[in-house]
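As structure tokens, the structure follows; a few thoughts come after it.
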Amino acid sequence: MKIISSLTFFLLCSVLLYSQGIYMRGFVVRNQGDTLRGWIKYGNWKVNPEKIEFKDDLNSRRISEYTVNEITCFEITGLDDYKKATVSLDMNSVDPVEIFSEVAEKRDTVRHETLFLRVLSNAGKLHLYEFVDFKNHFFIQAAGDTIEELIYQLRINRADNIVNEWNRYREQLRGYAGQNLSASLDREIEHTRYSSKSLVAIVTRLNGDKNPIGLHAGNEGNTRAAIRNPQIFVSAGAALTSFSMPGDNNLPQGNLQFKNSVIPIVSAGIDLLSPRNFNDFTLRFEMAFSEATYNGSKHTEDVFRNPEYDTYSVKQRNLGTSLSLLYNVRRTKKVRYYFGAGVGFNFSGYSGSQVNQYIYLTPTSVDTSSSFLQAKKFWEAFVIRAGVRLNRKLEIAAQGNLTSKVISYLYFSGYIRTYGLRLAYFLY
């Protein structure tokens with residue numbers, strides 16, 4: 001429980017720190033056309049920022065503030081890219097309750113403003129942007145043309161007070177498809193939702209990609225996925241496992257010396273990719289099965305100082321589950337390096353337990369009862385991981401389950417450690 005509490009505390013502190021804003025590498029382009037490279041305070045923005053804080057040097061106390069009046073665009077390297085634009089905003093509410101209220105009736109229907117739009121896709125002839133205030137606004141732009149808002153509204157039928165959706169953005173998308181509007185593309189547009197994930201996918205298709213993955217290419221050449229579906233994988237590998245039993249040397253079980261053994265491990269799991277503001281992190285859930293036989297022995301003396309030789313063996317079958325937070329150190333379109341840590345919960349069964357005692361190399365007692373040593377059937381472990389993922393399909397990883405107590409007595413205890421290498425394949 002201490003491990004779980006400590007990890008939870010660490011994760012909460014990390015999220016809290018990130019939400020308050022931390023300085024990250026980036027650049028701004030001023031109205032004069034010059035580019036300033038440095039550090040931008042990144043605040044996990046759910047609503048588009050009106051201004052940003054910028055430092056030339058991370059250790060500098062001098063902070064510059066920039067708004068749409070001073071800069072044309074800015075980027076937090078590998079994360080978010082914002083562009084200044086003067087646009088018309090549809091200010092109609094999309095809250096089914098609010099549209100009946102006086103607040104919605106008094107709100108301007110259309111507003112013209114100069115804003116920072118977040119770039120969702122700029123890799124083809126059509127660019128997609130997002131602005132968030134009290135609702136999500138999405139904008140599309142053909143190369144060299146003006147920026148147009150994709151319109152989604154709720155409308156009231158005053159006759160019976162029924163709220164209906166008006167999906168005008170679908171007709172707008174069909175207009176951008178032009179002569180390329182096939183029957184299959186028309187069906188895709190009809191099923192496109194008014195969300196960043198769905199709109200990035202359809203704009204990528206309109207740009208000519210028949211298998212869209214919704215890529216956003218940053219100004220620095222970084223590429224990141226805007227569509228973040230869970231990713232399922234299977235893996236196989238080998239691990240070096242060790243068992244130790246320190247304790248009172250006068251007892252047969254105390255200070256038994258166990259041989260390390262190499263065992264096969266198979267597993268399956270799922271990666272949950274984090275939202276854009278935490279896209280350097282991945283949450284991984286994994287289940288693994290392994291089987292190991294532990295053989296221990298020691299040389300000692302009985303009460304009459306006769307040479308004594310004690311052995312102990314047991315077979316363990318283990319089903320382990322783990323939850324880990326992975327940090328992506330470096331990400332490109334084809335390669336991703338990561339490391340992380342988490343907690344594991346293990347369910348074990350034991351068989352073949354046998355204790356032998358020898359005096360003058362002659363067996364004096366044999367205990368084959370499984371209750372001779374009561375090992376835990378449920379135990380926890382602290383998990384560390386590091387690896388590299390190639391072409392989104394293959395992953396080579398190292399993993400360690402740090403020392404965990406599985407046997408606990410007054411005068412001796414039993415501990416397990418496991419370190420291994422695995423090859424994983426992502427199904428999709």
Let me know the whole percent of all Cα-Cα pairs from the range 121-197 that are separated by more than 21 Å. 35 percent
Order these by the 10 Å Cβ neighbour count, fewest first: Arg205, Arg317. Arg317, Arg205
First measure r as the distance between the Cβ atoms of Phe339 and Leu402, then evaluate 1/(1 + (r/R0)^6) with R0 = 22 Å and state the FRET efficiency to the nearest 0.05. 0.90
Most packed first (mean Cβ within 10 Å per residue), the peptides 414-425, 55-66 order as 414-425, 55-66
On a full-extension model of 0.36 nm per residue, what is the gain between Arg37 and Val266, subtracting their alpha-carbon distance, rounded to one decimal in nm? 77.8 nm
Entries of Lys46/Lys84; Lys46/Lys83; Lys259/Lys405; Lys46/Lys197; Lys51/Lys83; Lys83/Lys125 with Cα pairs more than 24 Å apart: none
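Report D for the range 379-428 in µm² per second (integer): Stokes-Einstein, Kirkwood Rh on Cα pairs, 10 °C, 1.306 mPa s.
My calculation gives 123 µm²/s for D.
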Given R₀ = 35 Å, FRET efficiency for Ile156-Gln179 by Cβ-Cβ distance, to 0.05? 0.45
I'd like the FRET efficiency for Asp56 and Thr114, computed as 1/(1 + (r/R0)^6) with the beta carbon distance as r and R0 of 41 Å, rounded to 0.05. 0.95
Rough spin-label spacing in nm, given labels placed 7 Å along Cα→Cβ, for Arg187 and Asn295: 6.2 nm
Going highest first, how would you order 160-170, 83-93 by mean Cβ packing within 10 Å? 83-93, 160-170
Over its alpha-carbon atoms, the range 36-150 yields an Rg and a Dmax in Å of 16.3, 52
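Values quoted throughout were computed directly from the atomic coordinates according to the rules given, and no laboratory measurement underlies them. Nothing here was measured: the structure is a model prediction, and the numbers come from that model. With ideal geometry, Cβ positions are generated from the backbone for all residues, glycine too; neighbour counts draw on all protein chains shown.
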